[in-house]
Amino acid sequence: MKSQVEERFTEFFEKWVCQLDEHLQQLIKVSKETTSNEADQQALVSKVTTHLKEYYTVKWALAHEDVLVFYCPGWISTFENAYSWITGWKPSMIFKLVESMRKARIPGASLSELTEQQLKKIEELRVKIRLEEEKVERDMERQQVSMGDRRMVELSRLASRARNGDTTVQVDGLVEVALKGLKCGLEKVMKGADCVRLKTLKGVLDILNSKQCVDFLAGTCMLHIQLRLWGMKRDGKCGLEL
């Protein structure tokens, strides 16, 4: 049975993905237009980035109510979940995408025209983001290790005694306090990972010109949507086979 937080975010996410697809069609259209000017391109980039930020605004608000839902999301496919990194996409994936788009050299794809200065800045950003990823991973490791610390072991022992009928043991309040601490830690790690994701997007967009930003966002949105479509199709086939 879904929790209220899961139901609310699932409803939001489905609408958000539909809007993302609409933005993708606009990005593709503007990318192909030879008459589009810089102001139009910048306006569209701003519109899409606002939509991307909305995802995290809603996510953080609901995660404060129940962060555990976001570590086991029911609104994405098993395929998407397999590639998830601490409740979302891994930031360094963006640099792989940029490199793939640059080397594809598709007619009209402006990322194939990145200057040496832009490439240098992207590489510097990649190194910086990798260090931040490693910090988040260390924070997550500390959270996982904390499950086995002395306080948790003692609490588990007391809970076992209570289940076996020892009425002298009162653990409900202790459990609630312990779980609250663990959830706060997981929420902090999740937000840290999300901040690195947002920092990566902003960092790349700041390096690119307006036309390149349009193409980059088109590639990013397209990858997100295609992964979802492939995952949903796969899950659907598995369901039929069962």
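A compact table of results
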{"quantity": "Qualifying residue in segment 60-77 (condition: of a type in the set (A, V, I, L, M, F, W, C) and more than 19 Å from the chain's Cα centre (by Cα))", "calculated": "no"}
{"quantity": "Matching residues, segment 23-32, being surrounded by 13 or more Cβ atoms within 10 Å (Cβ to Cβ) and either of a type in the set (A, V, I, L, M, F, W, C) or at pLDDT 95 or above (or both)", "calculated": "His23, Leu24, Gln26, Leu27, Ile28, Val30"}
{"quantity": "Lone unmet requirement of (1) farther than 19 Å from Leu208 by Cα; (2) touching a helix residue (DSSP H, G or I) at 6+ places or on another chain (Cβ under 9 Å); (3) free of Cβ contacts under 8 Å to residues at least 24 places away in the same chain for Glu22", "calculated": "(2)"}
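Rundown of residues vs (1) at pLDDT 95 or above; (2) surrounded by 14 or more Cβ atoms within 10 Å (Cβ to Cβ); (3) β-branched (Val, Ile, Thr); (4) not in a helix (DSSP H, G or I), yes/no style:
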position	(1), (2), (3), (4)
Glu132	yes, yes, no, no
Ser160	no, no, no, no
Thr168	no, no, yes, yes
Val175	no, yes, yes, no
Gly185	no, yes, no, no
Cys195	yes, yes, no, no
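The values are calculated or read from the model by the stated rules, or taken from the named source; none is laboratory data. Keep in mind that what you see is a predicted model, and the values were worked out from it rather than measured. Here Cβ is always computed from backbone atoms with ideal geometry, including for glycine, and neighbour counts include all displayed protein chains.
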